[in-house]
Ligand SMILES: [Zn+2]
C-alpha cells in the first residue's frame with residue numbers, strides 16, 4: 001500500500017470524504033510533503049561532508065547561530081520548529097559552514113525528539129571534525145504543546161549537548177553561551 005493510499009484512509013478515518021473537491025489531491029500532496037519533511041532518512045553524513053574538511057591552524061571557537069530547525073515530533077507527527085546554535089573548537093580541521101547547516105537539517109528532517117536531535121548533531125560534528133570540543137543548543141516550540149493538550153503557546157524547550165572542552169571547561173562553555181545570547 002502506498003503512502004498516498006494510507007493518507008486517503010486517514011482522511012476517511014477522520015470522518016471526511018476524500019472525493020470532496022478540495023480533498024481529491026490531498027493524499028498525493030500530503031504524501032509528497034511528508035516525504036520532503038523526512039528526507040533526512042535518505043541522506044548520509046559522508047555524502048554531505050564530501051571532502052569539505054579543510055586544514056586550519058585556527059584554534060578559536062567557531063560559532064554558528066540561529067540555524068533554522070524544522071522537525072517532526074516522533075510522538076505526535078506534529079512539527080517542532082526553532083533555532084540551533086553550534087560551536088566547535090577546531091583541532092586542525094574546519095568544516096564548511098553550509099555543511100554544518102546541512103548536517104543539522106539531515107537529522108532534523110526525520111521523526112525526532114529534540115533531545116536526541118541535539119545529541120546526534122553534536123556527536124556527528126565531533127566525529128567528523130575531531131574537534132577539541134563541540135556544543136549544540138536547540139531552542140524550539142512544539143506544535144504538539146501549542147495546538148493540543150496543554151495549549152502552551154509560548155513555551156520554548158531548550159536542550160543542549162556539550163562534548164570535550166565545552167563540557168569540561170566552564171570558561172569555554174560560558175563563552176559559547178554568552179555568544180548565543
Ligand atoms: Zn509531540
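Rule-based calculations on the coordinates, nothing more; no lab input. Owing to the predicted nature of the structure, the values given are computational and were not obtained by experimental measurement. Methodologically, a virtual Cβ is constructed for each residue, glycine included, from the backbone with ideal geometry; neighbour enumeration extends over all protein chains shown.
As a proxy for reagent exposure, ranking 77, 89 by other Cβ atoms within 10 Å from fewest up yields 77, 89.
Across region 69-133, Cα pairs under 8 Å and at least six residues apart give a relative contact order of 44 percent. Rounded to the nearest 0.05, the FRET efficiency derived from the C-beta distance between residue 52 and residue 1 at R0 = 41 Å is 0.55. With Cα atoms as the point set, region 23-181 shows a radius of gyration and Dmax of 16.9, 58 Å. The ranking of 41, 88, 70 from fewest to most other beta carbons within 10 Å of each one's beta carbon is 41, 70, 88. Applying 0.36 nm per residue to the separation of residue 60 and residue 169 and subtracting their alpha-carbon distance, the gain on full extension is 37.8 nm.
Taking the three principal axes of the alpha carbon atoms in region 17-68, the coordinate ranges are 63, 24, 11 Å, sorted in descending order. Between residue 179 and residue 98, the contour length at 0.36 nm per residue exceeds the alpha carbon distance by 27.2 nm. The mean sequence distance of close C-alpha pairs (under 8 Å, at least 6 residues apart), as a share of the length of region 20-165, puts its relative contact order at 25 percent. When both bridge partners sit in the chain, DSSP labels roughly 95% of those beta bridges antiparallel. The stretch between residue 148 and residue 38 holds 37.4 nm of extra length on full extension. This uses 0.36 nm per residue minus the Cα-Cα distance. With the simple spin-label model, which puts each label point 7 Å out from Cα in the Cβ direction, the residue 16 to residue 155 separation comes to 2.8 nm.
Please work out the Cα center distance from region 10-67 to region 87-122, rounded to the nearest Å. If you average the Cα positions of each part, the centres end up 15 Å apart.
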